[in-house]
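These notes are about the structure you will find just below.
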Amino acid sequence: MKKNILIAFALLVLPALADSQWMLKDCTLTYHVSHPLHQTEGVSHAARGKGSCHDGQCDFLIAVPVKSFDSGDSNRDIHMVQVTRGAEFPMVIVRTRLPESSATSATINADLEIQFAGQTAQYKQVPFKLETKDGETHLTGTIPATLSDFKIDPPSLLTLPVKNDIPVRVEMTWRPQ
Amino acid sequence: MNRKAVQCASAMWALALSLLISHPLPAQVAGATLSGTITSPSGAAVPNAKVSAKNVASGQSSETQTSSTGTFTLPDLAPGDYEVSVSADGFAANPTKVTLTAGTPQTVNLSLTANLPNAPSSSTTEPSLSDLGFSSSQTQGNTREQALLDKRTHMLKIHQRMGLITTIPLIATVVTSLNAGGKNTSTASRDLHTALGGLTGDLYGITAYYAIRAPRAPGVETRGPIRFHKAMAWIHGPGMILTPILGIMAYNQKSNGEKVHGIAAAHGPVAIVTAGAFGAALLSVSIKF
């Protein structure tokens, strides 16, 4: 009887124990906007993220408030929030699914689903570099985002609109829980 | 009963039966029509939203997409109770129940809410926004604040354009000032300078109005070049009031054949400082130093 209970316990509990989780320790997101008169970068360190692994697959969720991006000019930041409808849709949400084994790779190609400005865009096979040190995984890459992906009208300064490309540089440090 | 009579009666019965059988069919085909408009929380039309009407009794669903103006039409639906659901990127809506009757068009207008996926995920493994510890004030949309920001941007765009337009008569006023003062000046030169100065003042007033009346963004500390831009307004603002007052005094003195003297002699220097501050304000938000 005791043996059966132990087997049942092992079957039910051990797979759950095998699941792992990841927490986002540090994150720097930098968007780049090009204008004929300006090259602007907006930086946010406010992203939070979590990864849950099950059956060899990890689901990651990263979210960052739109208002947290700082370009060094409050007027520009408010304008950015306005054109991206950041008051109505205050979060940028990124989801991706990766094989658990990819944590040990030097590079990964991630399929990203990004919710921003009331729209959802998919980015296939975005390359990221991985570096594991002291049990933490440092990840860097650039998301090739564009304004049109999220149906954002290009803001203009002195009647000149910015370019459609708004690449987002990603630097993240994840640690297993 | 002869054979002809039997054939005639049979034909009559067949005709009557066919009429009885075929009569209900048009009622089934000419079903109800469901139409309506799908809007966002701000009241804007939501194009390309998927609208689905599910017959509660039969379980059959009819689907369509909203047009560019957010409208949809689902024709030829069988009468009965329906559950209408809408899905659109970035939006959420609870299903709505409607009852359709034959031949009566039914209208359902639905306002969607911002899709905030902070509810616990359906999957036990997929993390959700609530797992990340963001507060509801950070994750919930605020349509009123968005409307305020939209108005602010609209007014500041006009401010920006009017500022650029004002630059043209401002430069012309400064240029014509060379012939408006001094010993060898004509009344025509002074009048032209005065007219251009008046036009500049009027346009400047409109420019300033749109900056002053633009709504403030709540909880935002002013940082960066916009601080310099605003600081310059404390110079060119009073300057734009003082310059024409001094200009009128100088004009009157000149018209009386006097040499410009007293406080009126400050018209030129004040105008130059004002124009300089206006130009610096313009450049501060145009070129990254």
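Test each condition in (1) in a helix (DSSP H, G or I); (2) surrounded by fewer than 17 Cβ atoms within 10 Å (Cβ to Cβ) for B:GLU221 and report the one that comes out false. Here B:GLU221 clears every test but (1). All told, B:ASN252 meets the bar of being exposed (fewer than 14 other Cβ atoms within 10 Å of the Cβ) and part of a helix (DSSP H, G or I). Scanning the range A:41-57 for residues that are without any contact (Cβ under 8 Å) to a residue 60 or more places away in the chain, in a strand (DSSP E or B) and within 9 Å of chain B (Cβ to nearest Cβ) yields A:ARG48, A:LYS50, A:SER52, A:CYS53, A:HIS54, A:GLN57.
I need the full set of residues from the range B:54-69 which are more than 14 Å from chain A (Cβ to nearest Cβ) and under 27 Å from A:PRO90 (Cα atoms), in order please. B:GLN65, B:THR66, B:SER67, B:THR69 - these are the residues of the range B:54-69 that are more than 14 Å from chain A (Cβ to nearest Cβ) and under 27 Å from A:PRO90 (Cα atoms). Looking for something free of Cβ contacts under 8 Å to residues at least 60 places away in the same chain, within 24 Å of B:HIS154 (Cα to Cα), of a type in the set (Phe, Trp, Tyr) and more than 14 Å from chain A (Cβ to nearest Cβ) - is there at least one such residue anywhere in the range B:262-284? No, because not a single residue in the range B:262-284 is free of Cβ contacts under 8 Å to residues at least 60 places away in the same chain, within 24 Å of B:HIS154 (Cα to Cα), of a type in the set (Phe, Trp, Tyr) and more than 14 Å from chain A (Cβ to nearest Cβ). If you scan the range A:120-143, which residues turn out to be within 17 Å of A:VAL170 (Cα to Cα) and either touching a His at 6+ places or on another chain (Cβ under 6 Å) or exposed (fewer than 13 other Cβ atoms within 10 Å of the Cβ) (or both)? Hits for the range A:120-143 are A:GLN122, A:LYS124, A:GLN125, A:PRO127, A:LYS129, A:GLU131. Taken over the range B:274-289, the criterion of being buried (at least 17 other Cβ atoms within 10 Å of the Cβ) and in a helix (DSSP H, G or I) is satisfied by B:THR274, B:ALA275, B:ALA277, B:PHE278, B:ALA281, B:LEU282, B:SER284. Taking the range B:134-163 as the region of interest, how many residues are within 7 Å of another protein chain (Cβ to nearest Cβ), among the hydrophobic types (A, V, I, L, M, F, W, C) and under 11 Å from the mean Cα position of the chain (by Cα)? Residues in the range B:134-163 being within 7 Å of another protein chain (Cβ to nearest Cβ), among the hydrophobic types (A, V, I, L, M, F, W, C) and under 11 Å from the mean Cα position of the chain (by Cα): 1 in total. Of the residues making up the range B:88-108, those that are within 14 Å of chain A (Cβ to nearest Cβ) and exposed (fewer than 15 other Cβ atoms within 10 Å of the Cβ) number 1.
Where a number appears in this text, it was derived from the coordinates with a stated rule and is not lab data. In this text, all values refer to a predicted model and were calculated from it rather than measured experimentally. In this analysis, Cβ positions are derived from the backbone assuming ideal geometry, glycine residues included, and neighbour counts consider all displayed protein chains.
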